C-alpha cells in the first residue's frame with residue numbers, strides 16, 4: 001500500500017500526519033463523507049445511498065490503475081482516516097486539467113489537517129514531476145476550503161459555476177504551478 005509518510009505540521013494535536021492510499025476498507029469513509037449533509041452542503045447535497053458504492057468502486061479502480069492519486073488523511077499513528085484528498089485528471093472548458101479536492105469528517109475540521117495533507121501531496125507531485133499544474137474549485141461559500149487553497153499557494157483566477165453532486169454551484173477557480181512553488 002502506498003503511503004506518503006508523516007510530517008509534523010503543528011496542527012491542533014501536533015501529531016504526525018500521513019496519507020494512505022485509498023483502499024477497499026474505505027467504503028465506510030466514503031459513506032460518512034458523501035452522505036453527510038454538512039460535508040456535502042456546498043457540493044450539491046448528500047449523495048444518494050445507492051450511488052455511494054459506485055463512487056467507491058470508481059475510486060478504487062482509478063487508484064489501482066494509477067490514473068489518480070486518492071488518499072485517506074490519517075491524523076494519528078493509529079491510522080484511522082479523518083478524510084480524503086486527491087488529484088485527478090479532469091476537464092475544464094473543454095481542456096484537460098489536473099484537479100485537487102478534499103473532504104474531511106466534521107469532527108476533524110478546523111485542525112489544519114487538510115492544509116498539512118495538501119502540503120504532503122503537493123510536495124510529492126512536485127518531486128515526482130507529476131500534476132505540475134493543479135486546479136481546485138471550492139464553493140464560494142466554503143471559506144475554509146478557499147483559505148486552504150490560499151495557504152497552499154494556489155492563485156485565485158475567477159468565480160465560476162461547477163457541478164459536483166447536483167446543479168452547478170458558484171465556485172472559486174484556483175490554480176497552482178508547482179514548478180515555481182514553495183514545494
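The values are calculated or read from the model by the stated rules, or taken from the named source; none is laboratory data. In this text the structure is predicted, and so the values were computed from the model without any measurement. Positions of Cβ are generated from backbone atoms using ideal geometry, with glycine treated the same way; all protein chains shown enter the neighbour counts.
Details
- Search result, residues across the range 43-66 that are closer than 26 Å to residue 160 by Cβ and modelled with pLDDT of 90 or more: 46, 47, 48, 51, 55, 58, 59, 62
- Filter result (farther than 16 Å from residue 178 by Cβ and not in a helix (DSSP H, G or I)) within the range 104-132: 104, 105, 109, 110, 111, 112
- Residue in the range 33-41 that is farther than 19 Å from residue 149 by Cβ, at pLDDT 90 or above and over 17 Å from the mean Cα position of the chain (by Cα) present: yes
- Single match in 73, 85 (criterion: closer than 22 Å to residue 123 by Cβ, in contact (Cβ under 8 Å) with a residue 60 or more places away in the chain and in contact with a helix residue (DSSP H, G or I) (Cβ under 8 Å, 6 or more places away or on another chain)): 85
- Some residue of the range 166-177 being modelled with pLDDT of 95 or more, part of a helix (DSSP H, G or I) and crowded, with 17+ Cβ neighbours inside 10 Å: no
- Qualifying residue in the range 95-103 (condition: over 14 Å from the mean Cα position of the chain (by Cα) and either touching a residue at least 24 places away in the same chain (Cβ under 8 Å) or in a helix (DSSP H, G or I) (or both)): yes
- Taking (1) surrounded by 11 or more Cβ atoms within 10 Å (Cβ to Cβ); (2) out of contact with any strand residue (DSSP E or B) (no Cβ under 9 Å at 6 or more places or on another chain) in turn, residue 94 satisfies each apart from (1).
- Test: residue in the range 59-69 that is under 25 Å from residue 176 (Cβ atoms) and in a strand (DSSP E or B): yes
- Against the list (1) at pLDDT below 95; (2) surrounded by 18 or more Cβ atoms within 10 Å (Cβ to Cβ); (3) in contact with a helix residue (DSSP H, G or I) (Cβ under 8 Å, 6 or more places away or on another chain), the condition residue 30 fails is (1).
- Residue check: residue 20 meets all listed conditions (1) at pLDDT 95 or above; (2) closer than 24 Å to residue 122 by Cα but one, namely (1).
- Residue in the range 76-84 that is surrounded by 14 or more Cβ atoms within 10 Å (Cβ to Cβ), under 16 Å from the mean Cα position of the chain (by Cα) and part of a strand (DSSP E or B) present: yes
- Residues of the range 131-156 that turn out to be more than 28 Å from residue 46 (Cα to Cα) and either without any contact (Cβ under 8 Å) to a residue 24 or more places away in the chain or buried (at least 16 other Cβ atoms within 10 Å of the Cβ) (or both), as a count: 3
- Among the residues of the range 133-165, those identified as under 19 Å from residue 38 (Cα atoms) and part of a loop (DSSP other than H, G, I, E, B) are 137, 138, 140, 141, 142, 163, 164, 165.
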